[in-house]
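*Asks:* First the structure, then my questions, so here it is.
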Amino acid sequence: QVQFVESGGGLVQPGGSLRLSCAASGSITSIYVMGWYRQGPGKQRELVAFIVTDTRTTYADSVKGRLTISRDNAKNMVYLQMNSLKPEDTAVYYCNAVTNPQTWGQGTQVTVSS
């Protein structure tokens, strides 16, 4: 099993930006689809962005145009650039394989508030 460690979260004002990082304990080259998920207060975990090995990306409508997912297979890293953040983006963010999820990491808290 590959383990993931998320980092980069924090408190940011509405309209601000954050860059989340996800470090994998092993190679992600063979993981065809990697995704970022989030779980807001009182909500179920949802997939907000995913990226295929050939760098094709897909986003949830709620984040389209504001979040950008990327991956660096050589470094076993996945990133989420978050711009124009809104209070409704407040959540714990996780990364994981999409088609064959591994054990969930601790996630990283993102709080958008003035």
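*Asks:* N73 versus (1) open to solvent by 60 Å² or more (accessible area, probe 1.4 Å); (2) among the polar types (S, T, N, Q); (3) touching a residue at least 24 places away in the same chain (Cβ under 8 Å): which is the lone unmet condition?
*Replies:* All conditions are met except number (1).
*Asks:* Looking only at strands (runs of 3 or more DSSP E) that lie completely in the range 23-86, which have at least 3 residues being hydroxyl-bearing (S, T, Y) and within 14 Å of the chain's Cα centre (by Cα)? Lay out the reasoning, then the answer.
*Replies:* Working: elements: 33-39, 46-52, 57-59, 67-72, 77-82.
Ranges flagged: 57-59.
*Asks:* Also: Please work out which one of (1) open to solvent by less than 60 Å² (accessible area, probe 1.4 Å); (2) more than 14 Å from R19 (Cβ to Cβ) is the condition K64 fails and give its number.
*Replies:* Looking at each condition in turn, K64 falls short on (1).
*Asks:* Right, something else. Go through the range 26-59 and give me each residue that's at pLDDT 95 or above and among the polar types (S, T, N, Q).
*Replies:* Listed by number, the residues that qualify are Q39, Q44, T57, T58.
*Asks:* Residues L85, L67: which one is over 16 Å from Y37 (Cβ atoms) and hydrophobic (A, V, I, L, M, F, W, C)?
*Replies:* L85
*Asks:* Yes or no: Y79 of a type in the set (F, W, Y), open to solvent by less than 70 Å² (accessible area, probe 1.4 Å) and touching a Leu at 6+ places or on another chain (Cβ under 6 Å)?
*Replies:* No; evaluated as a whole, the condition is false for this residue.
*Asks:* For residues that are assigned to a strand (DSSP E or B) and under 16 Å from E88 (Cβ atoms), scanning just the range 6-22, find the one that is most open to solvent (accessible area, probe 1.4 Å).
*Replies:* The extreme case among them is L11.
*Asks:* If a residue must be surrounded by fewer than 16 Cβ atoms within 10 Å (Cβ to Cβ) and either within 18 Å of P41 (Cα to Cα) or under 11 Å from the mean Cα position of the chain (by Cα) (or both), how many such residues does the range 91-105 contain?
*Replies:* Pass one, the range 91-105, residues surrounded by fewer than 16 Cβ atoms within 10 Å (Cβ to Cβ): 99-101, 103-104.
From what's left, either within 18 Å of P41 (Cα to Cα) or under 11 Å from the mean Cα position of the chain (by Cα) (or both): 104.
Result for the range 91-105: 1.
The values are calculated or read from the model by the stated rules, or taken from the named source; none is laboratory data. Predicted model, so just to flag it, every value in this text is computed and none were measured. As a convention, Cβ positions derive from the backbone with ideal geometry for all residues, glycine included, and neighbour counts pool all protein chains shown. Note: accessible area is taken over every heavy atom of the protein model, side chains too, but ligands, DNA and RNA are not part of it. Shrake-Rupley method; radii C 1.70, N 1.55, O 1.52, S 1.80 Å.
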